[in-house]
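Asks: Before anything else, here's the structure in question.
The values are calculated or read from the model by the stated rules, or taken from the named source; none is laboratory data. Just so we're clear, the structure is a prediction, and the values are computed from it rather than from any experiment. A quick note on method: Cβ atoms are made from the backbone with ideal geometry, for glycine too, and the neighbour counts reach across all protein chains shown.
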């Protein structure tokens, strides 16, 4: 369909969540914004192929996800750079305790396989249905469900089970887990 | 948005061998959204707003963009 003002507004409205998705995927805010920019350019260039009435955010997320995938194959994620850059994207710094917990969560998320991480984010944070997430990732709905479940299990193991890998839950989390018997 | 399974039972929280307990899952869902929403709340950076606005004008059009604030413009839908 042609790029109407209404469609342009809808694309604009999707930008904040596109950025959040891009940062979640790449762990790097600078790269994430490049990814969003490329996504927008590609979307606008191919706007004729967008079906009126279909899910615009899902269409944009699909483009971004595919761009990230092809980019990922070319150069590896700069994992060591991820946390510092991600922290810079926050307008307000969380309090010390919350910040620590946030870092741990971010680190755990980075440890998930890419398939699982993107499925979890699409369903758990972006608010897409399993069906939309499956469309975005180009796989079956059942595959998305199992990826999300595995992602949750792994996060739980990394964050909340004692002795998990090389870091454990902080005191607050321990108190929460231990104190609710 | 409703990724968190409805709370099953509190007693499930003690069994960390098998299924995931509801409280941990709710916590993970909460953190995931908090992380995500931190970015969403930043809104649309100027560079993207500008990019979309510029590309909105067809290359072969004689229309002059005069809209700065994103209100009314052109003859399209408002």
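Asks: Exactly one condition in (1) within 20 Å of residue A:119 (Cβ to Cβ); (2) at pLDDT below 85; (3) not in a loop (DSSP other than H, G, I, E, B) is false for residue A:81; which is it?
Replies: (1)
Asks: Next question. Taking into account only those residues within segment A:1-23 that are within 7 Å of chain B (Cβ to nearest Cβ) and closer than 12 Å to residue A:43 by Cβ, which is modelled with the lowest pLDDT?
Replies: Of segment A:1-23, the ones within 7 Å of chain B (Cβ to nearest Cβ) are A:3-6, A:8, A:11-12, A:15-17, A:19-20, A:23.
This time we only want the ones that are closer than 12 Å to residue A:43 by Cβ, so: A:3, A:8, A:11-12, A:15.
Values: A:3: 80, A:8: 89, A:11: 94, A:12: 94, A:15: 97.
Among those that are within 7 Å of chain B (Cβ to nearest Cβ) and closer than 12 Å to residue A:43 by Cβ, it is A:3.
Asks: It is to be established whether one or more residues within segment A:117-126 are away from chain B (no Cβ under 12 Å) and either farther than 23 Å from residue A:54 by Cβ or out of contact with any strand residue (DSSP E or B) (no Cβ under 9 Å at 6 or more places or on another chain) (or both).
Replies: Residues of segment A:117-126 away from chain B (no Cβ under 12 Å): A:118.
This time we only want the ones that are either farther than 23 Å from residue A:54 by Cβ or out of contact with any strand residue (DSSP E or B) (no Cβ under 9 Å at 6 or more places or on another chain) (or both), so: A:118.
The answer is yes, given that some residue of segment A:117-126 is away from chain B (no Cβ under 12 Å) and either farther than 23 Å from residue A:54 by Cβ or out of contact with any strand residue (DSSP E or B) (no Cβ under 9 Å at 6 or more places or on another chain) (or both).
Asks: Moving to a separate point now. So, in segment A:31-53, exactly how many residues are outside any helix (DSSP H, G or I) and closer than 14 Å to residue A:64 by Cβ? I'd like the intermediate steps shown before the answer.
Replies: The first filter runs over segment A:31-53 and keeps only residues outside any helix (DSSP H, G or I), leaving A:46, A:50-53.
Okay, now just the ones that are also closer than 14 Å to residue A:64 by Cβ, so A:46.
Here the count works out to 1.
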